[in-house]
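Asks: Quick one: the structure is below, and I'll ask about it shortly.
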Amino acid sequence: MKVLVPVKRVIDFNIKPRVKADGTGVETAGVKMSMNPFDEIAVEEAVRLKEKGIATEVVAVSVGVQQAQDTLRTAMAMGADRAILVLTDVAVEPLGVAKILKALVAKESPDLVLLGKQAIDDDMNATGQMLAGLLGWAQGTFASRIEIADGRATVTREIDGGLETLTLTLPAIVTADLRLNEPRYASLPNIMKARKKPLETIAPADLGVDVTPRLTIVSVAEPPARQQGIKVESAADLVARLRNEAKVI
Amino acid sequence: MAVLVFLDHESGIIRQASRSAVTAARALGEVHALVTGDASVAEAAARIDGVAKVLRAAGAAAAHELAEPLAAVIADLAPAYSHIVAASGASGKNVLPRAAALLDVQPIPDVVSIVDADTFVRPIYAGSALATVRSSDAKKVLTVRASSFDPAPAEGGAAPIEQVTVPDGPALSEFVSIALSQSERPELESARVIVSGGRGMQNEENFKLLNPLADRLGAAIGASRAAVDAGFVPNDYQVGQTGKIVAPELYIAVGISGAIQHLAGMKDSKIIVAINKDPEAPIFQVADYGLVGDLFDILPQVEAALDKAG
């Protein structure tokens, strides 16, 4: 079974993003970039499937700028076998990414596409569902557990009220939630090995996909800041203020 | 043109967040509500103030709000609507992007403000920035943050109910089971008061120390990602960027340091209280009232002060 794992290069999750002074977006120049944390979980799960003998090949793919190669090398250091970079300077929206992935699925014929449930930059939480829609495949989103057996995937999903379990006919799309696994750190020997693994670069046009954005960014602004509060000295003072000042209890 | 709003329900009860989606949708046009489940769900939808028509997708294929058949239903109905809306919950986020793909539309998730029929404000980077985006798609597909729109009243409407057919297709996914957290407390997303615990609670047993305070205040109980990851409480307690987004009247953060992704889920609360032993914890930057100290000492003191005040 082949597993395709799309990964995105985003501002590192430890960095507080700064809004550009001209209000056109968030500053990325000179900012540390890393693999989207949810995608790391997806890579980890795919590699574990291979280690269990369920997956035979793990292919990482990224849509983005040249430096997204680094993200793909990280995926290969974690255990992906090879990688594909769909090179573009356009900030491709989930719809465009889903179309690119659909074209790659046609080329690669994976049985499972494992994605992070959302990217921590645009917080869209859409690509996996959209790819599933375009392919007409089953989807198991927000997964905290995956089991593959007899041509089906059993997926436990984190939903608003608790957990839901579904079975999906393969091929299928699964998106990873936080508690699916804890991704490994790539070891130095594996980082060295990853440098020699194959990385193919193609253009969206090679796949016949138009990635023109549908959304125009009118402006990006800082959210209104909360007014600095006060420190109270005691529990009694706190309760008194909640009652008399804030009037919330 | 009218607006189609998908109302999700849990155990037959329409989620309050979906009534907030009705309020958001009314700003865009006449609201038609799409529901699944028993007739009683459709009847409840018909009573919501502001709903002009209810479309009920009945039958096994539409049960459990499975994404594959529901997205197909929405795509079938879409030609009659300018906008397709749902609350930004697990169900809306599961179904709407799939429907959007079938319609060749880029969805707009987590809308917090509607500027006009094409232009919407949504948080990005865990709420570190607010993006105003304009869609060039002929049809808009959006999910809306319940904390940004008041819920439409559950009573007051008397909309007609129509059945809609679920398109035939292969059953790609099948429902196996559901495990809902059992709680007598209010839902996180609709609670007036929330008491939330973090890593500082130390373990599952200690986390229960929040119960008496929550009981006393009629509060829901939430948690930071750290507390959920550590297994103190189930996933549905999580407040934050990838958990629930809440904006209660009063949010009491106990032993929560205040990571950006947690603040993203609660910083629109009216009053925020932080109890933490680290005076430098980032949670104090958003707190209206901060109390520095050992939470295990402070919690009983707060309860005593509440009792004393009556």
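Asks: Of the residues A:THR212, A:THR169, A:THR175, which is more than 7 Å from chain B (Cβ to nearest Cβ), surrounded by fewer than 17 Cβ atoms within 10 Å (Cβ to Cβ) and among the β-branched types (Val, Ile, Thr)? Walk me through how you get there before you give the answer.
Replies: Details: A:THR169 fails: more than 7 Å from chain B (Cβ to nearest Cβ); A:THR175 fails: surrounded by fewer than 17 Cβ atoms within 10 Å (Cβ to Cβ).
Among A:THR212, A:THR169, A:THR175, only A:THR212 is more than 7 Å from chain B (Cβ to nearest Cβ), surrounded by fewer than 17 Cβ atoms within 10 Å (Cβ to Cβ) and among the β-branched types (Val, Ile, Thr).
Asks: Continuing with this model, one more query. Give just the number: which of (1) touching a residue at least 40 places away in the same chain (Cβ under 8 Å); (2) within 14 Å of chain A (Cβ to nearest Cβ) does B:ALA179 not satisfy?
Replies: (1)
Asks: Among the residues of segment B:48-69, which ones are of a type in the set (A, V, I, L, M, F, W, C) and either outside the structural domain of B:SER20 (by the TED database) or out of contact with any Lys or Arg (no Cβ under 8 Å at 6 or more places or on another chain) (or both)?
Replies: Here is the first cut: in segment B:48-69, the ones of a type in the set (A, V, I, L, M, F, W, C) are B:48, B:51-52, B:54-55, B:57-58, B:60-63, B:66-67.
B:VAL51, B:ALA52, B:VAL54, B:LEU55, B:ALA57, B:ALA58, B:ALA60, B:ALA61, B:ALA62, B:ALA63, B:LEU66, listed by residue number.
Asks: Scanning segment A:18-48 for residues that are over 11 Å from the mean Cα position of the chain (by Cα) and crowded, with 22+ Cβ neighbours inside 10 Å, which turns out farthest from B:ARG122 (Cα to Cα)?
Replies: A:VAL47
Asks: Given the condition within 20 Å of the chain's Cα centre (by Cα) and β-branched (Val, Ile, Thr), answer yes or no: does some residue in segment B:60-83 qualify?
Replies: No: zero hits.
Asks: Can you pull out the residues in segment A:100-121 that are of a type in the set (D, E, K, R) and either touching a Ser or Thr at 6+ places or on another chain (Cβ under 6 Å) or crowded, with 23+ Cβ neighbours inside 10 Å (or both)?
Replies: Let us first name the residues in segment A:100-121 that are of a type in the set (D, E, K, R), namely A:102, A:107-108, A:111, A:117, A:121.
Matches in segment A:100-121: A:LYS117 only.
Asks: A follow-up question, please. List pairs: first in segment B:62-75 and in contact (Cβ under 8 Å) with a residue 40 or more places away in the chain and facing chain A (nearest Cβ under 9 Å), second in a helix (DSSP H, G or I) and surrounded by 24 or more Cβ atoms within 10 Å (Cβ to Cβ), Cβ under 7 Å, 6+ apart or cross-chain?
Replies: Pairs that qualify, where the first residue is in contact (Cβ under 8 Å) with a residue 40 or more places away in the chain and facing chain A (nearest Cβ under 9 Å) and the partner is in a helix (DSSP H, G or I) and surrounded by 24 or more Cβ atoms within 10 Å (Cβ to Cβ), are B:ALA67/A:GLN129; B:ALA67/B:ASN94; B:ALA67/B:VAL95; B:ALA67/B:ARG98.
Asks: Taking B:ASP297 and the conditions (1) assigned to a helix (DSSP H, G or I); (2) in contact (Cβ under 8 Å) with a residue 12 or more places away in the chain, which numbered condition does it fall short on, given that it satisfies the others?
Replies: Failing condition for B:ASP297: (2).
One line per residue, one yes/no per condition, for (1) modelled with pLDDT of 95 or more; (2) farther than 19 Å from A:SER234 by Cβ; (3) aliphatic (A, V, I, L, M); (4) assigned by the TED database to the domain that holds B:ALA146:
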| position | (1), (2), (3), (4) |
| --- | --- |
| B:LEU213 | yes, no, yes, no |
| B:ALA227 | yes, yes, yes, no |
| B:GLY231 | yes, yes, no, no |
| B:ILE245 | no, yes, yes, no |
| B:GLY255 | yes, no, no, no |
| B:LYS270 | yes, yes, no, no |
| B:LYS277 | yes, no, no, no |
| B:PRO282 | yes, yes, no, no |
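Asks: OK, next. So, in segment B:159-187, of the ones that are acidic (Asp, Glu) and surrounded by 11 or more Cβ atoms within 10 Å (Cβ to Cβ), which residue ends up nearest to the chain's Cα centre (by Cα)? Please lay out each step first, then the result.
Replies: Restricting attention to segment B:159-187, the residues satisfying the condition of being acidic (Asp, Glu) are B:162, B:168, B:174, B:184, B:187.
Still in the list and also surrounded by 11 or more Cβ atoms within 10 Å (Cβ to Cβ): B:162, B:174, B:187.
Details: B:GLU162: 27, B:GLU174: 24, B:GLU187: 10 Å.
Going through the qualifying residues, I end up with B:GLU187.
Asks: Looking at segment B:273-292, which of its residues are at the interface with another protein chain (Cβ under 9 Å from one of its Cβ atoms) and either part of a loop (DSSP other than H, G, I, E, B) or under 19 Å from the mean Cα position of the chain (by Cα) (or both)? Break it down into steps so the answer makes sense when it comes.
Replies: Taking segment B:273-292 as the starting set, the residues that turn out to be at the interface with another protein chain (Cβ under 9 Å from one of its Cβ atoms) are B:273-275, B:279, B:284-292.
Passing the criteria: B:PRO279, B:ALA287, B:ASP288.
Asks: Of B:VAL41, B:VAL51, which residue is more than 21 Å from A:GLY161 (Cβ to Cβ), in contact (Cβ under 8 Å) with a residue 24 or more places away in the chain and not aromatic (Phe, Trp, Tyr)? Explain how you work it out, then say what you get.
Replies: On the way: B:VAL41 fails: more than 21 Å from A:GLY161 (Cβ to Cβ).
Just a single option satisfies the conditions, and that option is B:VAL51.
Asks: Please pick out the residue among B:SER181, B:SER113, B:SER91 that is within 26 Å of A:VAL220 (Cβ to Cβ) and either assigned by the TED database to the domain that holds B:ARG56 or at pLDDT below 95 (or both). Explain how you work it out, then say what you get.
Replies: Values: B:SER181 fails: within 26 Å of A:VAL220 (Cβ to Cβ); B:SER91 fails: within 26 Å of A:VAL220 (Cβ to Cβ).
The unique qualifying residue is B:SER113.
Asks: Has segment B:186-195 got any residue that is at positive phi and not aliphatic (A, V, I, L, M)?
Replies: No, segment B:186-195 contains no residue that is at positive phi and not aliphatic (A, V, I, L, M).
Asks: Let me ask something additional. Determine the pairs where a residue that is more than 17 Å from B:SER183 (Cα to Cα) and outside the structural domain of B:ALA46 (by the TED database), located within segment B:8-19, has a partner that is buried (at least 24 other Cβ atoms within 10 Å of the Cβ) and among the hydrophobic types (A, V, I, L, M, F, W, C) with Cβ atoms under 6 Å apart, the partner being 6 or more residues away or on another chain.
Replies: none
Asks: Scan segment A:219-248 for residues that are within 7 Å of another protein chain (Cβ to nearest Cβ), surrounded by fewer than 16 Cβ atoms within 10 Å (Cβ to Cβ) and not in a loop (DSSP other than H, G, I, E, B) and jot them down.
Replies: If the condition is that a residue be within 7 Å of another protein chain (Cβ to nearest Cβ), surrounded by fewer than 16 Cβ atoms within 10 Å (Cβ to Cβ) and not in a loop (DSSP other than H, G, I, E, B), then A:SER219, A:ALA221, A:ILE230, A:LYS231, A:ARG243 are the ones that fit.
Asks: Quickly run through segment A:92-141 and pick out the residues that are of a type in the set (A, V, I, L, M, F, W, C), within 7 Å of chain B (Cβ to nearest Cβ) and out of contact with any strand residue (DSSP E or B) (no Cβ under 6 Å at 6 or more places or on another chain).
Replies: Narrowing segment A:92-141 to residues of a type in the set (A, V, I, L, M, F, W, C): A:92, A:95, A:97-98, A:100-101, A:103-106, A:112-115, A:119-120, A:124, A:126, A:130-132, A:134-135, A:137-138.
The next check asks that each one be within 7 Å of chain B (Cβ to nearest Cβ); those that pass are A:95, A:98, A:120, A:124, A:126, A:130, A:132, A:134, A:137-138.
If the condition is that a residue be of a type in the set (A, V, I, L, M, F, W, C), within 7 Å of chain B (Cβ to nearest Cβ) and out of contact with any strand residue (DSSP E or B) (no Cβ under 6 Å at 6 or more places or on another chain), then A:LEU95, A:ALA98, A:ALA126, A:MET130, A:LEU134 are the ones that fit.
Asks: Of all residues in segment B:159-181, which are assigned to a strand (DSSP E or B) and charged (D, E, K, R)? Working first, answer last.
Replies: Initially, segment B:159-181 is screened for residues assigned to a strand (DSSP E or B), giving B:161-164, B:173-180.
Scanning segment B:159-181 gives B:GLU162, B:GLU174.
Asks: Within segment B:106-123, count every residue that is hydrophobic (A, V, I, L, M, F, W, C) and surrounded by 23 or more Cβ atoms within 10 Å (Cβ to Cβ). Step through it out loud before you land on a result.
Replies: Of the residues in segment B:106-123, the ones hydrophobic (A, V, I, L, M, F, W, C) are B:108, B:111-112, B:114-115, B:117, B:120-121.
Applying the additional criterion that residues be surrounded by 23 or more Cβ atoms within 10 Å (Cβ to Cβ) yields B:108, B:111, B:120.
Qualifying residue count, segment B:106-123: 3.
The values are calculated or read from the model by the stated rules, or taken from the named source; none is laboratory data. None of the values given here were measured: they were computed from a predicted structure. In this analysis, Cβ positions are derived from the backbone assuming ideal geometry, glycine residues included, and neighbour counts consider all displayed protein chains.
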